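Taken together, the values in this text are just the output of simple stated rules run on the coordinates, not laboratory data. This structure is a prediction, so every number in the text was calculated from the model and none was measured. When we count neighbours, we look across all protein chains shown, and the Cβ atoms used for this are built from the backbone with ideal geometry, even at glycine.
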Ligand SMILES: Cc1cc2nc3c(=O)[nH]c(=O)nc-3n(C[C@H](O)[C@H](O)[C@H](O)COP(=O)(O)OP(=O)(O)OC[C@H]3O[C@@H](n4cnc5c(N)ncnc54)[C@H](O)[C@@H]3O)c2cc1C
């Protein structure tokens, strides 16, 4: 029974995860309130409106599969969809399934507290809402807590500054300006070529060079689209059972067993095809340093061939971490942009930033005067948005305290001590190592089945046991450490946020394997959970 402020479920976030969760909860006949900090739907694609923002997973893969009508009627225009098109798509979904009426926009959830006696969550917002709900589902996103680095003097900068993850909705025109951009991760790699074409001068401040693949983006081939649509069910099945949530040509062979010229041909073929999936060229690229070196060296040669100035090429070349262990980027003309006369690169490993000044950025050797500054400095990934809220479980236990040494979950979905709380694509699930729409749908479907089962058994509460959580955390770590991933100072490891514990957060066992584990847990009566 639900009173006015007594809901069955609260969902936090109205990106891909929150919207689909709402749709499924409605399907169960539950009363649901969604809270969303932004004033529209879309999450990532609502906030990240920087020039060049685009999906790295192909359009036919990066879309919902839950409605065949939806996937048949929607037409993507490009091989990789740009941010405005994805935002249009998700708005279409919100309208088509009449989702907006249960979403309260421009409203940030500040706390969620579990009441042991009533076995309900009390959720409060920055707009004064206070609601009570049996279930609390976090759809707050892995990459939604934008990080502006705490550089001395930042507040003194006289011009406008922007973070790629909070881009002004009206866009920014850099024509004729001197622009500085700090950071060279995925968002920077997408935006630098475009900003360089507008700005009079662009200064790129780089701490860590990245490996980036050409996208070879193009108009979507209508024949390919028809072929996929004709067999979409099978296409989606294969994606769900794959390692990363979409199908790439995957070899079971060792890079070290291949002859050097054969290996070169294989890498070249993949470079020409473009996009993600390069590290699937051989089975051991992400597990053997020696195998990885062969792939990394291929990239290094490519960078040297594209970038004319050898010093700039050297600075752009990653040398101190294995390929693929930081998120592989996908670009259009990134390296070639450094051949332009109006673009310069500042290598912060050699000359670190000392301060931001009213005029620009001062390193240990020079001051670079700029009119505008762009922070392409990423996110407090996977845990940032969750820990921004004051989440308290049984006995007042704060999630911030529980996770002080790094996130701990069961299946990336639930946390011991926090009954009836679910984290969609939470830490300890494949999440950011996958096509996230596949991972989101899997979690939402699992949670929906779980709630249906609780109702069928007339249970009010489900909670992960401490033992199951411990075993899962150990498994996630063990699998992570079988790979080269922990060797990189990446945001997967929490390394981009000062003071954040260094833990490999996502589950790398593969999307298909992970799904099977979750299904087995459910089929066996939710082993590792207590139902009451
Ligand atoms: C630039 C960029 C490019 C990306 N490219 C890809 C890609 O190529 N392929 C891929 O698979 N994934 C990509 N991702 C990951 C992307 O985040 C996911 O694919 C997907 O959009 C996540 O959806 P979500 O609903 O889980 O989270 P989000 O889209 O992040 O939505 C979460 C929502 O929760 C809201 N929220 C958070 N905290 C609160 C709170 N306390 N109160 C109220 N609301 C709150 C936020 O405002 C946000 O709208 C990319 C991410 C970024 C940032």
Fill in: Residues of segment 12-35 satisfying the condition of being in contact with a helix residue (DSSP H, G or I) (Cβ under 7 Å, 6 or more places away or on another chain) and part of a loop (DSSP other than H, G, I, E, B)
15, 28
Response to the item:
When segment 199-234 is checked residue by residue, the ones that are free of Cβ contacts under 8 Å to residues at least 60 places away in the same chain and part of a helix (DSSP H, G or I) are 222, 223, 226, 227, 230, 234
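Based on this model, can you work out whether residue 371 counts as surrounded by fewer than 20 Cβ atoms within 10 Å (Cβ to Cβ), touching a residue at least 24 places away in the same chain (Cβ under 8 Å) and over 26 Å from the mean Cα position of the chain (by Cα)?
yes
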Worksheet entry | Subset of segment 507-532 (residues that are in contact with a strand residue (DSSP E or B) (Cβ under 7 Å, 6 or more places away or on another chain) and assigned to a loop (DSSP other than H, G, I, E, B)) | 507, 526, 528
Item to complete: Among the residues of segment 25-47, write down those that are on the phi > 0 side of the Ramachandran plot and more than 15 Å from the ligand (Cβ to nearest atom).
Response: 29
Fill in: Residue among 378, 360 that is buried (at least 20 other Cβ atoms within 10 Å of the Cβ) and farther than 29 Å from residue 218 by Cβ
360
Worksheet item: Here is a list of conditions, (1) surrounded by 22 or more Cβ atoms within 10 Å (Cβ to Cβ); (2) on the phi < 0 side of the Ramachandran plot, and residue 420 meets all of them except one; can you say which number that is?
Response: (2)
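Scanning segment 153-187 for residues that are touching a strand residue (DSSP E or B) at 6+ places or on another chain (Cβ under 6 Å) and part of a helix (DSSP H, G or I), which turns out farthest from residue 378 (Cα to Cα)? Walk me through it before giving the result.
We begin by selecting, within segment 153-187, every residue touching a strand residue (DSSP E or B) at 6+ places or on another chain (Cβ under 6 Å); these are 153-154, 157, 159-163, 165-166, 177-182, 184, 186.
Right, trim to part of a helix (DSSP H, G or I) and you get 154, 165-166, 186.
On the way: 154: 17, 165: 7, 166: 11, 186: 9 Å.
By that ranking, first place goes to 154.
Residue by residue, here is whether (1) away from the ligand (no atom under 16 Å from the Cβ); (2) touching a residue at least 12 places away in the same chain (Cβ under 8 Å); (3) under 24 Å from residue 24 (Cβ atoms) holds:
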position: 73; (1), (2), (3): yes, no, yes
position: 88; (1), (2), (3): no, no, yes
position: 91; (1), (2), (3): no, yes, yes
position: 94; (1), (2), (3): no, yes, yes
position: 105; (1), (2), (3): no, yes, yes
position: 113; (1), (2), (3): no, yes, no
Item to complete: Restricting attention to strands (runs of 3 or more DSSP E) lying wholly within segment 280-399, give those where 2 or more residues are closer than 30 Å to residue 123 by Cβ.
Response: 390-392
